[in-house]
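This report concerns only the one structure given below.
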Amino acid sequence: MAVAQTPAAERVAGGPTGTPGRPARRRRRTPYQGSARGFVAPGVFLVAVLLYLPLLWTTFLSFTEYNGLGDPDWVGIDNYVEMFTDPAFVGSLMNTLLWVAGTLLIPVGVGLALALLTWNLPGGIWLRLPFLIPYAISGIGVGVIWSFILSANGALDQALAVFGVTDPPRWLVDAPLNTVVMILASSWQGVGVNALLFTIGLQSIPKEPLEAARVDGATGFRLFGSILWPMLRPLTAVVVGLSIVASLKTFDIVLSMTKGGPGRASETLALTMYRETFVNSDYGLGSAIAVFLSVVTLIASILYLRQQLSQKHEM
C-alpha cells in the first residue's frame, strides 16, 4: 500500500520545491538588509530627483509649446517635425557627426601613437607631460586660447606673414574650415589624457607574450597588430566610448570660438539646443532636440559596446 508523502518528506526526498536529495532552503533575511537599503535610499532618491525626473519633464516638454511662462500647450510631434525640417538643425547634425569622426581620428589616434612611442623610453613621462597639461584647462579656456591664435591678424596669421603669406585662410569664418580648426583645438586638449590611458594599458600587458613575440621575430607593426592591439582592445573600447559621448555633446569650445557662426554654420546639436531653449525661449523645440541628442548618444553607446562585447566573445 502506497503511503502519500508529506510536504516535509517531499522536501527531504527532493520534491518540486527542493533539489533531489537535499532539503529546500528558504532564503533568510539578514539583519543587515534593512541597513543596506537605508544607505542606498538617499543615493536612489538623488538619482531619481536629479536625473530621471528632469528626463521625464524634458520628454513631456518636447511634445508641447512652452516659453517658460504659463502652462505648456500640447502640440504632439510638431516640435520633432519642425526640428527635422529645419535646415539649420540638419547642418548642426552634420557638424556633430564631423566632430565625432574628427574626435575619433585625431585625439584617440594621436594619443595611441604617442603612448606607443614613449611607453618604453626612459623618461617617457616627461615627453607625455606637455600633452597632458592642456587637459587641465577648461573648454572655455581652450576656446579663448585658440581664438587668440586663429582670429584675423592673430598669432597664426602674424606667423604666416613672416613667411610671406599675406592672404591666410579665414580660420574661424569659413565653413567647414572653422569646424575643422575647432576639432584640432579640442584634440590639443584631449590627446594627453588618451595617451595616458593607453600608456597605462601598455604597462599592464604581461612581459612574457611580448618577449615570446620578439623571439619569434615580431617587431614594429607586426608586434602591434598581433600582441599589443588585441590586449589593448578592452581599454580602447572605454577610450573610444568616452570620445563618442564627449563629441556628441560638444558645446563649450564652439560657443567660445565661433558662437556657432557665421550665422549658424558651425553649430552643433548641443549649441542648437541651447540657442532654442535659452536664447529663443522655445522650451518645446529645445527639449525635442535634447531628447533626440540623448537617444542618439544612447544608441551609439549601446551599438559600440555590443560590438566590442561580441568581438571579445569571439576571441
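The values are calculated or read from the model by the stated rules, or taken from the named source; none is laboratory data. Predicted, not measured: the structure shown is a model, and the values here were computed from it. Note: ideal-geometry Cβ built from the backbone for every residue, glycine included; neighbour counts use all protein chains shown. The area values use the complete protein model at the heavy-atom level, side chains included, leaving out ligands, DNA and RNA. Shrake-Rupley method; radii C 1.70, N 1.55, O 1.52, S 1.80 Å.
Does segment 32-54 contain any residue that is more than 28 Å from residue 265 (Cβ to Cβ) and in contact (Cβ under 8 Å) with a residue 40 or more places away in the chain? There is no residue in segment 32-54 that is more than 28 Å from residue 265 (Cβ to Cβ) and in contact (Cβ under 8 Å) with a residue 40 or more places away in the chain.
Within segment 57-89, being among the aliphatic types (A, V, I, L, M) and surrounded by 11 or more Cβ atoms within 10 Å (Cβ to Cβ) holds for 61, 75, 77, 81, 83, 88. Summed over segment 150-183, residues that are open to solvent by 50 Å² or more (accessible area, probe 1.4 Å) and farther than 23 Å from residue 94 by Cα total 11.
Restricting 131, 45, 39 to those that are in contact with a Leu (Cβ under 7 Å, 6 or more places away or on another chain), open to solvent by 70 Å² or more (accessible area, probe 1.4 Å) and more than 27 Å from residue 300 (Cα to Cα) reduces the list to 131.
Report whether or not residue 15 is assigned to a loop (DSSP other than H, G, I, E, B), open to solvent by less than 40 Å² (accessible area, probe 1.4 Å) and at pLDDT below 85. When the stated conditions are applied, residue 15 passes them. Scanning segment 189-211 for residues that are assigned to a helix (DSSP H, G or I) and open to solvent by 50 Å² or more (accessible area, probe 1.4 Å) turns up 196, 197, 200, 203, 207, 208, 211.
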